[in-house]
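Please read the structure below before turning to the comments.
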Amino acid sequence: MLWLAVLLPFAGSFALAFLDSRSRDLAGALAGVVTLATATLLILLFDMSAMPGGSRTTLVWLPSVGFNLSLRLDGLSWLFALMVAAIGFLVVVYARYYMASEDPVPRFFAYLLGFMGSMMGLVLSGNLIQLALFWELTSLFSFLLIGYWYHNASARSGARMALIITASGGLCLLLGVLLIGKIVGSYELDVVLISADAIQAHPLYLPALLLILLGAFTKSAQFPFHFWLPHAMAAPTPVSAYLHSATMVKAGIFVLIRLWPVLAGTDAWYVIVTTTGIVTLVVGAWAAIFQQDLKGLLAFSTISHLGLITLLLGLGSPLGAVAAIFHTINHATFKASLFMAAGIIDHEAGTRDVRRLSGLFRYMPYTATLAMVAAAAMAGVPLLNGFLSKEMFLAEAIGQNSGTWTDYLMPILATLGLSFSVLYSVRFIHQAFFGPPPTDLPQDPREAPFWMLLPIGVLVFACVAIGMFPAMTVGPVLASAAGSVLGPQMPHYSLAVWHGWNAPLVLSLVALVVGTAGYLRYRGALNEFAGVPLMGRWRGKRTFEASLASIIRLSRLMLAYVATSRLQQQLRLIVLIAGFAALLPFVRYGYAPGSLPGTMIDPGFGLIWLVGGGCAIAAAWQAKYRRFAALVLMAAAGLVSCISFVWLSAPDLALTQLLVETVTTVLLLLGLRWLPERKRELWPGGKTPWSVTRRRGTDLSIAIGAGIGVALLSYAIMTRPMAETVSRYFIENSYAEGGGRNVVNVTLVDFRAFDTLGEISVLAIVALTIFSLLRRFRPARESIVAPQQQQVQAENDERDADRSVGETLTDSLFVPRVIMEWLFPVIMVFAFYLLLRGHDLPGGGFAGGITVAIALILQYMAMGTRRVEARLAVRPLAWIGIGLLVAVTTGAGAMVFGYPFLTSYFSYLDVPLIGQVPLASALLFDVGIFILVVGTTALILTALAHQSVRAPQRKADRMSRQAVKEGHE
């Protein structure tokens, strides 16, 4: 049930991504059903969350390093998850009528549900590493949502700013939780939350605290990282309503509350969190007063209220934590409704500028009434929910007894911040809805449709219900959430509306009076400000842009020193770094060969290796000016390696090496066709400069050193008994645990399947990179001209004008072409044979995929590019995607049965007339490898083959333009 709550939004996002951009109603209905179903599911899980200790579910992932996929449901996670789902549903209903007809609504809802799923995963995570992963996913999806209107420069800028700041904070959070895991010895929240004493007594506590607070402060827009949040207002209003109320900024608050039991209570926590909270509260409220944009005003008010919650958590008292959770609920309700109301004003009046708005109450009375109630809740007016949590906040501010100056200054600053909150709330209400009728609006204002008002009405009803009947409405939820955090420290508190005349009530009334009076006194002057007084010339965006520019300049400076545009120098650096890395174990542990005696070298084998070594040296010698000769010599050296594997009883490696040599040699030959000719340099005086000689000598020395190092390492390994190496484990367990006798293949698809998944992912990325580069590649002029033999044959072929140059040759070589065409089904059968037998005999998915690539290469050589693609539906991108999907799905299938990711299962199947047939789930993983390898090689082959179509086409176009030019002349 918990996994369903996390995966359902992602599934909906995936489905929406495939809808047509005009499927507006279907997209809205699907998003609404998904969010409503998720919210309903969470409501059904409330009893489970209220159980002592909550509940959890775990899928084993990487047990050897203590990282499993786990979900943990308690009162706090249930509360945040319900806010994410319930407000998400209301936002979906609102957005369906807010978004314009020309907007690609399915894409918007796909991003929104992906963001919702990321938040659900974050708040329900039972593992700190998993929490950090979902944390970064929220940053990614918020980037997509903020930049949804990518044609808008401010949207792109705001999205970039939000991503850089929150993702950087996410890296800090990851480092912090890694330190926590190192201190505790586990990343599971159940273990971490009972280890407060060990964490706070450890020397790494302060670094871990600072890193985690950096992550939380950047996400929840605390000063001085607050400036990204107002610039995120370039997003559509439904996005703003969702990000500011229940998600994104609340992620930082959630982490602070979740880790409060183990991090709070120290002087460092009190000083850092309290100071940050009070500064953010006052600065955010002060800046909100002078905003001329309704969404800007609400954005800075969000910053202020987030500072209030952070301040409550920083105080370190249990009652402060209860008040923080309570205000988090209240803020979500009134802030979501206010943003929706601002969106309606913008939608129906055409502007959000408070200086142009006036008297909208007579045109949209329902919207005005709902907005005024929500704004009053934000200001802390009695009988509304904001008043209750504000009372608790003031009680905590007054009751501080730390023995420092903060005891006296805290009540003053708290009252000041709340007075500012009243002022901007009154300004929002009065300037938008009262006064004379508006003039010079972009469009005539009118009331919004019912379905846009309904979500606001639901949230405003919650503000009133909680404010009037707090114990009946929010009491059980608050008790469950606070109890899951505080445990035995749970304090006594009262949610009564009236506590008598006391200091918090007096300060609350003072804030209401001062804020209202301040607006009445200065309301005329507020419209004149273009910036925020007392903040000088400091602008967060300007500082961010300057810092980013400095980082870019520094990176370019470093790049100039450590990088180069010459491939040779890059390879030299890579080999040197790899050589030093390989040398470190020898420096630490020394070098010693094994105890096994060597064997006499067979003369025939020695002769073969002399030939192979000579070919390798000759290939390196000829590589610069005679590429074709170098490639042939390299292929010969590769064949010697194949023979060596056969000689040393490694047929699986030999088969794979032979197939790879065949495919790479042909692909490189096809690539050489389009490269420009390289001519030998003519140095002055006929002498090679000393700098060139030195560089060549350096490269030769590095190559010899690397070769000797690899040889010594290989000798040290091969002269050791099997008992001293990891080989024995794989040999002894390949059949018992992997169900296969081919140790190499079982290792790749079972024991080291995770590594193989990473390797095929890299292979797919490399293929896509090559394809992208070749799409922009333009062959050299001298390579476009066909060789003389093809030119002679082309003169006798009347169809040459309609086909590529490479196709003419194959028409005249009829017999080889027919043979190559006939070989296609034979090779395909052989490829499937290699795939199916790979678990017990030499073969496997990689070998089978390479064999299919050979079959495709022969077809391209036999028939030419256009004929092949007319007869065969070559869809390499689809093959790559399906291959990765099959491989990942196979790994995830093991998790369904409670085993770690990519755990293999094998059994025997009784087949009539055949007997027992061994079957292993690793075969499905191998099928994924097979499909992906076919797709990657086909993609590279297609990109190369299309050069033969493009080159003569450019030649024909050039001749056509020349003919037109001559005709005009």
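What follows draws every value from the coordinates through simple rules; no lab data is involved. Note that this is a predicted model, so its numbers are computed, not measured. Backbone-built Cβ (ideal geometry, glycine too); neighbour counts: all protein chains shown.
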_Placed amide H near residue 127: partners under 5 Å, 5+ positions off or other chain_ = 70, 189
*asked:* Give the lysines reachable from residue 335 as a straight Cα distance under 28 Å; neighbours fewer than 8 places away on the same chain don't count.
replied: 219, 250, 295, 390, 541
*Figure the gain on full extension for residue 675 and residue 762 (residue separation times 0.36 nm, minus the Cα-Cα span) and round it to one decimal in nm.*
28.7 nm
*So, counting K/R as plus one and D/E as minus one, what does the shell of residues with Cβ under 13 Å around residue 274 add up to?*
-3
*In whole Å, what is the distance between the alpha-carbon centres of the range 455-484 and the range 104-140?*
25
*May I ask you to sort 301, 727 by Cβ crowding, counting other Cβ atoms within 10 Å and putting the fewest first?*
727, 301
*How big is the gap, in Å, between the Cα center of the range 1-76 and the Cα center of the range 249-264?*
21
*For every helix of n ≥ 4 consecutive DSSP H residues, a contribution of -39,500 (n - 2.57) applies; sum these over the chain, divide by its total residues, and give [θ] at 222 nm rounded to the nearest 500 deg cm²/dmol.*
-24000 deg cm²/dmol
*Can you sort 295, 182 so the residue with the fewest Cβ neighbours within 10 Å comes first?*
182, 295
*Quick one: which of 849-861, 189-201, 252-264 comes out on top by average Cβ neighbours within 10 Å, and what's the full order, highest first?*
252-264, 849-861, 189-201
*Could you give the angle, 0 to 90 degrees to the nearest 10, between helix 153-184's Cα long axis and the longest principal axis of the Cα atoms of the chain?*
80
*Out of 622, 578, 605, whose Cα points farthest toward the positive end of the dipole of the range 536-646 (charges: +1 Lys, Arg; -1 Asp, Glu; placed on Cβ)?*
578
_Per-peptide average of other Cβ atoms within 10 Å, ordering 332-342, 649-659 highest first_ = 332-342, 649-659
*About the Cα centre of the range 1-91, how large is the charge dipole given +1 on each Lys and Arg Cβ and -1 on each Asp and Glu Cβ? Please answer in debye to the nearest 20.*
100
*427, 96 arranged by Cβ crowding within 10 Å, fewest neighbours leading*: 96, 427
*At q = 0.07 Å⁻¹, work out log10 I(q)/I(0) for the chain with the Debye formula, treating every Cα as an identical point scatterer and leaving solvent out; two decimals please.*
-0.78
*FRET efficiency for residue 823 and residue 870, Cβ-Cβ distance as r, R0 = 30 Å, nearest 0.05?*
0.95
*What is the helix-to-structure angle for 75-98, meaning the angle in degrees between its Cα long axis and the longest Cα principal axis of the chain, kept from 0 to 90 and rounded to the nearest 10?*
90
*Going by alpha carbons, how many degrees (0 to 90, nearest 10) lie between the helix axis of 249-258 and the longest principal axis of the chain?*
80
*asked:* Taking θ = phi - 60°, what integer Hz values does the Karplus form 6.51 cos²θ - 1.76 cosθ + 1.60 yield along the range 17-34, in sequence order, with x for Gly and Pro?
replied: 5, 9, 7, 5, 4, 8, 7, 5, 5, 5, 5, x, 5, 5, 5, x, 5, 5
*For the chain, what relative contact order do you get, as a whole percent, if you take Cα pairs closer than 8 Å and at least 6 residues apart?*
9
*Can you tell me which of 140-153, 608-621 comes out highest on packing, and rank the rest after it, using the mean Cβ neighbours within 10 Å?*
140-153, 608-621
